[in-house]
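A quick write-up on the structure given underneath.
The values are calculated or read from the model by the stated rules, or taken from the named source; none is laboratory data. Quick caveat, the model's predicted, so the values are computed rather than measured. Using ideal geometry, Cβ is built from the backbone for each residue, glycine included, and neighbour counts are taken over all protein chains shown.
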Amino acid sequence: LNPRGWTTKQQLERGLALGALILVVVWPAAGLSAYWSHQILIETFFYGIAASSLIFLSAYGGMVSLAQTALFGIAGVIIGNLATTGGPGGTSKGLHLGWDPTVALIVAVVMTTAIGLLFGAVAARSAGIYFLMITLTYSVIATYALGQVTKISGFSGIGGINRYTPGWIGNIIDHPNRLYYVALGVAIAVYVLIRYLVRTPFGLTLQGVRDDPVRMASLGYDVPLHRTMAFGFSAFLASLGGILYVWWSGQIAPGNVDLPETINLLVMAVIGGLVRIEGAWLGAFAFIVIQNYVRDFKVPGLSFGGTLFGGSFNTIIGIIFVAIVLVSPDGLLGLWGRLFPGARSGWRRLARATTVEPAK
Amino acid sequence: MSVALHWFRTQRPTILIPKLVAFGLIVFGLLYVLSIATIPGVDGSTSWRTTTFGSAIHDPSSFLRVVLDSITFAGALFIVASGFALIFGLMRVVNMAHGSFYLLAGYIAYEIQQAMTGQGFSLDGSQVNTWEWLVPLLVAAPCIAVVGLVIQQAFLRWNQGQELRQALITIGISVIIADQIIAHFPRAASNGTQRFGGNAVDLTWPGWTDRFVNLHVGGVQYSLARLVMLAIGVGVGVGLWLWLYRTKTGMVIRAGVDDEKMTSALGINIQKTFAIAFVIGSALAALGAVVWASQSNIAQGTDGQWLLNSLVVVIVGGMGSIFGAAAGAILYAFVLNFSASYLPTTGSDCCTQYSPIFTFVLIALVLAFRPQGLFGRGG
């Protein structure tokens, strides 16, 4: 930990990261804007966790997955079914098993990870752009499945989940700062865990699989198994994000995991940069700030004056997304990296991993 | 027998077990439809094998009707998905905006049909003649072809080969198109509440298709419109086959699929071929939209549904092959229709549709045996 030994880029990045960390830790305690802490920052934490699961797969596994939003929602639906009891205001759907919230939390994480392993096992022998297509079908299928299997969710979804938090977290409706710090803690833990995992033998093998699956296979590594395990791990991360989401919003419905939401998560990851984990929270933050402050902005000629669909948020986010992919496919962090000489583009590596060789 | 034993011994356990499970599931599914399923008892009692129609042996005409539903739906699926497969097969572009093209085409055709008949909102078959169905199609298809061409030339041409980037670009474009459809369609409805917002509308088949024909098999009366839909699908398939395998352009396209650089080195303008393929592929999305929106409807969200349909057909059938698209469309249509008609219907669970789960099962089964899809080449 000797800042003098770091490059200018590292000094700047680590300085900014430390500053941001101190700021978000003291934010609620210092009594700064509650709108920011209870909306923008907390959303950044859990969407950032979901986006980090996507970026983990793309940066270290060469797999761009669109199923992370579905896994995020599946975890929310499972905990909603297990923890809620119906009861007052309990008109919402779900099985209302009324389990202990801590047990429900653990079961939801384990089940989502298991579903992730199944998803991963099915897709593991496909790579590159096929992987993107297969995971997109998972996502759309999950949306329809949740909507149409009326026992567990139905189109209206499950509500009131935020009343069933474990005792060691306590009441988060009256004390939203508790959820804020839980989400912050989990986000930091997820970041540290990913950084640790990619240095383990498993993480190094996974990067080998990303760079040259054929060579890794001939060295005796089980390529589909490593892809499946990586997908399972990313499902574990996504489930943490999903559970924080349902505690924050109180509800989960197929509309929270549908195609636009799936694309939103991808937009966050791409804005941040698909090649560095830090991009997850940066992209989530940028997206949520745009969402909160541009939502009602109207582009003349591109939006109309209806009350329900006023504004042209999706058009704006789509234009920003296309612009970023055109200008800097490795996102804001890629732009940042190019400010410094000798930068290596992680995008090249990812683009190579997702390129399909023509059939011979 | 010894061949089977040899196959059995040479399989790795991690692959063998899923394959055996998959095989068992397929056999059980077939047996279930053929003979296990029953209709509810006379007293309304139900069990795990109670379905609406009972087994195929018990009620062959209902079974035949579901088969026909599947085959005719496969016709519509094939039209849309073959466009997707054509673009993917030649250029390796996963056009995530294919569903948006479909939805946009549907709304354009709807506006034209409304303008021609001047009736407002929902039409009856007798109010529409053949021209009032054909002209919307003949306007919508070129419109979408132009949209596709512009997107290809402006956004995809210069980064050919960067598949992930191209997929991301088309995802962004699909977001923009979906949002603009909500902002601008449907326009024709006279009632103020139904204007804009991507509300559900439907096209109408010409009046002469609005009847049932006697097939003289098991006394089945079947919708002529659905048979027309199947005929259009078969026509598209035959047309594509003739085009790809019997013309010079088709030969160039097949050469481009196999080896783009070599084709280009032979002095062939591969960029022109790419543009043609994109135009035809987009127009097929439009044709499929007009056909299926006449049978069903279109609304905000239909774009995602048809992107899913195209993806499933291409993943199941094999990436980028016309025969694969046909096989994928038929399999997928059978799974959708049979899981809707031949699943247990019990009292408390009356309204659940398990077809999305069976779509996943289909993908999992096919990928377990053939990661490249049924007709795909290579890995």
Residue check, B:Ile169 out of contact with any Cys (no Cβ under 7 Å at 6 or more places or on another chain), within 14 Å of another protein chain (Cβ to nearest Cβ) and not hydroxyl-bearing (Ser, Thr, Tyr): yes
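Do you know which of the residues in region A:42-78 that are over 24 Å from A:Thr228 (Cα atoms) and crowded, with 24+ Cβ neighbours inside 10 Å is modelled with the lowest pLDDT?
A:Ile42
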Residue in region A:94-107 that is within 14 Å of chain B (Cβ to nearest Cβ) and surrounded by fewer than 21 Cβ atoms within 10 Å (Cβ to Cβ) present: yes
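Listed residues A:Phe309, A:Phe340; which is surrounded by fewer than 19 Cβ atoms within 10 Å (Cβ to Cβ) and either within 7 Å of another protein chain (Cβ to nearest Cβ) or modelled with pLDDT under 65 (or both)?
Numbers: A:Phe340 fails: either within 7 Å of another protein chain (Cβ to nearest Cβ) or modelled with pLDDT under 65 (or both).
Unique residue meeting the criteria: A:Phe309.
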Flag for B:Ala141 being small (Gly, Ala, Ser), at pLDDT 95 or above, farther than 16 Å from A:Ser328 by Cα and assigned to a helix (DSSP H, G or I): yes
Sole exception among (1) facing chain A (nearest Cβ under 10 Å); (2) modelled with pLDDT of 85 or more for B:Pro371, by number: (2)
Any hit, region A:194-213, residues being touching a residue at least 24 places away in the same chain (Cβ under 8 Å), in contact with a Phe, Trp or Tyr (Cβ under 8 Å, 6 or more places away or on another chain) and within 14 Å of chain B (Cβ to nearest Cβ): yes
Qualifying residue in region A:76-86 (condition: touching a residue at least 24 places away in the same chain (Cβ under 8 Å), closer than 30 Å to A:Asp212 by Cα, of a type in the set (S, T, N, Q) and part of a helix (DSSP H, G or I)): no
Residue selected from region A:118-168 under the condition in contact with a Lys or Arg (Cβ under 7 Å, 6 or more places away or on another chain) and modelled with pLDDT of 85 or more, by the criterion nearest to the other protein chains (Cβ to nearest Cβ): A:Ala124
Residue, modelled with the lowest pLDDT, within region B:185-220, restricted to residues that are among the polar types (S, T, N, Q) and surrounded by fewer than 19 Cβ atoms within 10 Å (Cβ to Cβ): B:Thr193
Members of region B:156-166 found to be outside any helix (DSSP H, G or I), in contact (Cβ under 8 Å) with a residue 40 or more places away in the chain and within 9 Å of chain A (Cβ to nearest Cβ), listed by number: B:Gly161
Residue count for region A:182-195, restricted to those that are buried (at least 16 other Cβ atoms within 10 Å of the Cβ) and of a type outside the set (A, V, I, L, M): 1
Condition broken by B:Ile87, with the remaining ones in (1) modelled with pLDDT of 75 or more; (2) more than 14 Å from chain A (Cβ to nearest Cβ) satisfied: (2)
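Residues checked against (1) assigned to a helix (DSSP H, G or I); (2) farther than 29 Å from B:Val94 by Cβ; (3) among the hydroxyl-bearing types (Ser, Thr, Tyr); (4) within 14 Å of chain A (Cβ to nearest Cβ):
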residue	(1), (2), (3), (4)
B:Val135	yes, yes, no, no
B:Ala145	yes, no, no, no
B:Ala154	yes, no, no, yes
B:Val213	no, yes, no, no
Any hit, region B:184-207, residues being under 29 Å from A:Met63 (Cα atoms) and part of a loop (DSSP other than H, G, I, E, B): no
Residue ranges of helices (runs of 4 or more DSSP H) in region B:241-317 with at least 3 members among the charged types (D, E, K, R): B:248-258
Sole residue being outside any loop (DSSP other than H, G, I, E, B), more than 24 Å from A:Ala145 (Cβ to Cβ), within 14 Å of chain B (Cβ to nearest Cβ) and of a type in the set (A, V, I, L, M), chosen from A:Leu184, A:Leu225: A:Leu225
Region A:244-275, subset within 11 Å of another protein chain (Cβ to nearest Cβ) and outside any helix (DSSP H, G or I), residue surrounded by the fewest Cβ atoms within 10 Å (Cβ to Cβ): A:Asp258
Near pairs, Cβ below 6 angstrom, 6+ apart or cross-chain, from region A:332-357 (closer than 26 Å to B:Gly89 by Cβ) to any residue that is at pLDDT below 80: A:Thr354/A:Gly128; A:Val356/A:Gly128
Residues of region B:248-270 satisfying the condition of being surrounded by 13 or more Cβ atoms within 10 Å (Cβ to Cβ) and polar (S, T, N, Q): B:Thr249, B:Thr263, B:Ser264
In region B:45-91, the residues that are out of contact with any strand residue (DSSP E or B) (no Cβ under 8 Å at 6 or more places or on another chain), more than 30 Å from B:Leu244 (Cα to Cα) and of a type in the set (Ser, Thr, Tyr): B:Ser45, B:Thr46, B:Thr52, B:Ser61, B:Ser62
Scan of region A:139-153 for residues that are surrounded by 24 or more Cβ atoms within 10 Å (Cβ to Cβ) and either outside any helix (DSSP H, G or I) or among the hydroxyl-bearing types (Ser, Thr, Tyr) (or both), ordered by number: A:Ser139, A:Thr143, A:Ser153
Number of positions in region B:341-365 that are closer than 22 Å to B:Ile79 by Cβ and either more than 10 Å from chain A (Cβ to nearest Cβ) or modelled with pLDDT of 85 or more (or both): 3
